[in-house]
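The values are calculated or read from the model by the stated rules, or taken from the named source; none is laboratory data. Computed from a prediction, not measured in an experiment: that's the story for all the values here. Positions of Cβ are backbone-derived with ideal geometry, glycine not excepted, and every protein chain shown enters the neighbour counts. When the accessible area is computed, the model is the full protein with side chains, heavy atoms only, and any ligands, DNA or RNA have been set aside. Shrake-Rupley method; radii C 1.70, N 1.55, O 1.52, S 1.80 Å.
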Amino acid sequence: MEYYDLVRNSCSFDEKLCMKLGFKSIAKAPGDISIIDADAGRSGKGERSIIYGSGKRLIGAVKQGAAAVWIKDYLLDKQLLDVVYDNTIPLVFPISDIVCANGLQRPRLMSKMSRLLKYSAKLGIGISFITMAESRSGMCSYMQIVEIAKLLGADEECARAGLSEINKRMLYD
């Protein structure tokens, strides 16, 4: 299986590190793909983008099209998830949010992410796991991401698919 990741533009890496972490390719955002803030009233229409935000504005932006959706607060919004499902857009779960969280913030965040992930998987929504690391020290290997995804409630197949075919489609197709 070939695995793909997405990191922030500030993260510097070389091909050797990419291979060492087990990825065929690592994309950068912004650059290879845009991160569009739906809460600021923007949409990703006409460009390869991940729509980021919450609430009603995110629903409107999703309807206009995107490569993926990143729910800011990881709250379970059934209306939003129905729109995501209808538009066959994957949900993004950035591992850096967990890795960079402190104290009680981490288990709370993991609980929210877990509920969202389980409900989304039950609906049949594609799930993408990405690093979104800001620096080399925040990067994870594909196996580390698979294990974190499993901690959130994903099964092995879902975790690996989220790193391979879903990420490939989101980032390169």
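Check off (1) more than 30 Å from Arg136 (Cα to Cα); (2) at pLDDT below 95; (3) within 16 Å of the chain's Cα centre (by Cα) for Tyr119 and give me the number that stays unchecked.
(2)
Before we move on, is Tyr52 surrounded by fewer than 22 Cβ atoms within 10 Å (Cβ to Cβ), of a type in the set (Phe, Trp, Tyr) and either touching a Phe, Trp or Tyr at 6+ places or on another chain (Cβ under 9 Å) or under 21 Å from Glu157 (Cβ atoms) (or both)? Walk me through how you get there before you give the answer.
On the way: surrounded by fewer than 22 Cβ atoms within 10 Å (Cβ to Cβ): no; of a type in the set (Phe, Trp, Tyr): yes; either touching a Phe, Trp or Tyr at 6+ places or on another chain (Cβ under 9 Å) or under 21 Å from Glu157 (Cβ atoms) (or both): yes.
Criteria not met by Tyr52.
Name every residue in the range 90-108 that is in contact with a helix residue (DSSP H, G or I) (Cβ under 7 Å, 6 or more places away or on another chain), surrounded by fewer than 16 Cβ atoms within 10 Å (Cβ to Cβ) and part of a helix (DSSP H, G or I), in order of residue number.
Arg106
Looking at Ala38, Ala27, Ala68 in this structure, which one is in contact (Cβ under 8 Å) with a residue 12 or more places away in the chain, of a type in the set (A, V, I, L, M, F, W, C), touching a Gly at 6+ places or on another chain (Cβ under 8 Å) and open to solvent by less than 60 Å² (accessible area, probe 1.4 Å)?
Ala38
Among the candidates Met170, Met113, single out the residue that is open to solvent by less than 10 Å² (accessible area, probe 1.4 Å) and at pLDDT below 95.
Among Met170, Met113, only Met170 is open to solvent by less than 10 Å² (accessible area, probe 1.4 Å) and at pLDDT below 95.
For the structure I just gave you, tell me whether Arg57 is within 16 Å of the chain's Cα centre (by Cα), open to solvent by 50 Å² or more (accessible area, probe 1.4 Å), of a type in the set (D, E, K, R) and at pLDDT below 95. Walk me through it before giving the result.
Numbers: within 16 Å of the chain's Cα centre (by Cα): no; open to solvent by 50 Å² or more (accessible area, probe 1.4 Å): yes; of a type in the set (D, E, K, R): yes; at pLDDT below 95: yes.
So Arg57 does not fit the description; no.
Name the single residue that is modelled with the lowest pLDDT among those in the range 63-84 being outside any loop (DSSP other than H, G, I, E, B) and closer than 18 Å to Gly41 by Cβ.
Per the criteria, the residue is Lys63.
Quick one: count up the residues across the range 51-62 that are in a helix (DSSP H, G or I) and either touching a Lys or Arg at 6+ places or on another chain (Cβ under 7 Å) or within 23 Å of Gly162 (Cα to Cα) (or both).
Count: 4.
Pairs under 8 Å by beta carbon, first residue closer than 19 Å to Asn9 by Cα in the range 122-133, partner open to solvent by 10 Å² or more (accessible area, probe 1.4 Å) and assigned to a strand (DSSP E or B), six or more apart or different chains?
Once the first residue is closer than 19 Å to Asn9 by Cα and sits in the range 122-133, its partners that are open to solvent by 10 Å² or more (accessible area, probe 1.4 Å) and assigned to a strand (DSSP E or B) give Met132/Arg8; Ala133/Arg8.
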